[in-house]
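The values are calculated or read from the model by the stated rules, or taken from the named source; none is laboratory data. For clarity, every value in this text was computed on a predicted model and none was experimentally measured. Here the Cβ positions follow ideal geometry from the backbone for every residue, glycine too, while neighbour counts run over all protein chains shown.
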């Protein structure tokens, strides 16, 4: 029971690094002294900064000797911008290390075995599922070699994202829109389709700005025929912008950075898009509008999490929040598992993950 209590605290600490550690994982650590009392706590606060174990050990000082460390991710065993955490734990005299999730990154893996070789007792798998959910973006990027994709949408209770005449501003409340800015600030890139750009002229920026050392999230517009107007707000200098266009598209000069992708039957090759974003060390992306692009991502199995803002309103007609997603019969339904349902102003925020992505 004690292991569960302290690991749950380490998971809470890890969340403090959300939005500032990419391309690194979020990690939390709790260090107990030899008598079982909390001696130090820490988390990985920013990319390039001290790892969670180092931060917790610094707070614990000599009290760490003979104690136990609880870590949400297997301690790294390599030297990058910082030294190996396995050495830091062993040098501090920690006698026991409890780990939630094994590190799938071949560069950093093997920490548990190295600690055992150094005479440290190691227990793994404690609250692994809970810790993995808190680190879903990084784990997806490492395991699948593509960024984790969260699809965000706003709709009425009957699933409409726009009225019959095409108007859509504003379906949800100011509180919900403010919450969306929080989502944007926590991701590395925001993706939208050219249809959304033409209809709503969004800025796709986060307010207040993202706290990551690398600056604001990259804005990505999926625009196969290069229809984004030169005056579009998404091309402002508030944040970098990448226009994903077809290989044969004619693009006027000076629009933004251009990424040319192969055409496929439903538009552009989204797998190639995500592979390029991963090459740029992007770990988590937020997919915003519209229904057609979201349907294409869903059809290709490229959505990992859904965040829906549901307004207490009914339209009865108008655009649906999700376009064709490859479902022909009820047996092909994309099933979800609810993670959270929270009131945001007068609206509901519903967070769910794809059932097929569990684990």
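Here residue 164 meets the list (1) within 24 Å of residue 14 (Cβ to Cβ); (2) assigned to a loop (DSSP other than H, G, I, E, B) almost entirely, failing just condition (1). The lone criterion from (1) buried (at least 22 other Cβ atoms within 10 Å of the Cβ); (2) under 22 Å from residue 298 (Cα atoms); (3) assigned by TED's automatic domain parsing to the domain that holds residue 318; (4) touching a helix residue (DSSP H, G or I) at 6+ places or on another chain (Cβ under 9 Å) left unmet by residue 172 is number (2). Could you check, for the stretch 119-139, whether at least one of its residues is in contact (Cβ under 8 Å) with a residue 60 or more places away in the chain, over 21 Å from residue 305 (Cβ atoms) and touching a strand residue (DSSP E or B) at 6+ places or on another chain (Cβ under 8 Å)? Yes, the stretch 119-139 contains a residue that is in contact (Cβ under 8 Å) with a residue 60 or more places away in the chain, over 21 Å from residue 305 (Cβ atoms) and touching a strand residue (DSSP E or B) at 6+ places or on another chain (Cβ under 8 Å).
Please verify whether residue 135 is within 29 Å of residue 347 (Cβ to Cβ) and not assigned by TED's automatic domain parsing to the domain that holds residue 285, treating the condition exactly as stated.
Numbers: within 29 Å of residue 347 (Cβ to Cβ): yes; not assigned by TED's automatic domain parsing to the domain that holds residue 285: yes.
Yes, satisfied.
For the subset of the stretch 302-317 comprising residues that are modelled with pLDDT of 95 or more and in a loop (DSSP other than H, G, I, E, B), which member is farthest from the chain's Cα centre (by Cα)? If we take residues in the stretch 302-317 being modelled with pLDDT of 95 or more and in a loop (DSSP other than H, G, I, E, B), then 312 is farthest from the chain's Cα centre (by Cα).
Consider residue 349 carefully, then state whether it is touching a residue at least 24 places away in the same chain (Cβ under 8 Å), farther than 14 Å from residue 153 by Cβ, out of contact with any helix residue (DSSP H, G or I) (no Cβ under 6 Å at 6 or more places or on another chain) and surrounded by 15 or more Cβ atoms within 10 Å (Cβ to Cβ). Taking the combined requirement at face value, the residue does not satisfy it.
Within the option set 34, 69, 58, being assigned by TED's automatic domain parsing to the domain that holds residue 101 and either under 16 Å from residue 138 (Cβ atoms) or part of a loop (DSSP other than H, G, I, E, B) (or both) holds for one residue only, 34. A single entry from 10, 39 fulfils the requirement of being in the same structural domain as residue 122 (by TED's automatic domain parsing), modelled with pLDDT of 95 or more, buried (at least 24 other Cβ atoms within 10 Å of the Cβ) and in contact with a strand residue (DSSP E or B) (Cβ under 8 Å, 6 or more places away or on another chain): 10.
Taking the stretch 227-253 as the range and being in contact with a strand residue (DSSP E or B) (Cβ under 7 Å, 6 or more places away or on another chain), part of a loop (DSSP other than H, G, I, E, B) and surrounded by 16 or more Cβ atoms within 10 Å (Cβ to Cβ) as the test, the residues that pass are 228, 239, 251.
Only one of the numbered conditions (1) surrounded by 14 or more Cβ atoms within 10 Å (Cβ to Cβ); (2) without any contact (Cβ under 8 Å) to a residue 40 or more places away in the chain; (3) closer than 30 Å to residue 326 by Cα is violated by residue 256, and that is (3).
Considering only residues of the stretch 323-346 that are touching a residue at least 60 places away in the same chain (Cβ under 8 Å) and over 21 Å from the mean Cα position of the chain (by Cα), which is surrounded by the fewest Cβ atoms within 10 Å (Cβ to Cβ)? It would help to see each step written out before you state the result.
Kept after step one, since they are touching a residue at least 60 places away in the same chain (Cβ under 8 Å), are these residues of the stretch 323-346: 339, 344-346.
Now restrict to residues that are over 21 Å from the mean Cα position of the chain (by Cα): 345-346.
Working: 345: 16, 346: 13.
So the residue we want is 346.
Exactly one residue out of 13, 89 is assigned to a helix (DSSP H, G or I) and over 20 Å from residue 138 (Cβ atoms), and it is 89.
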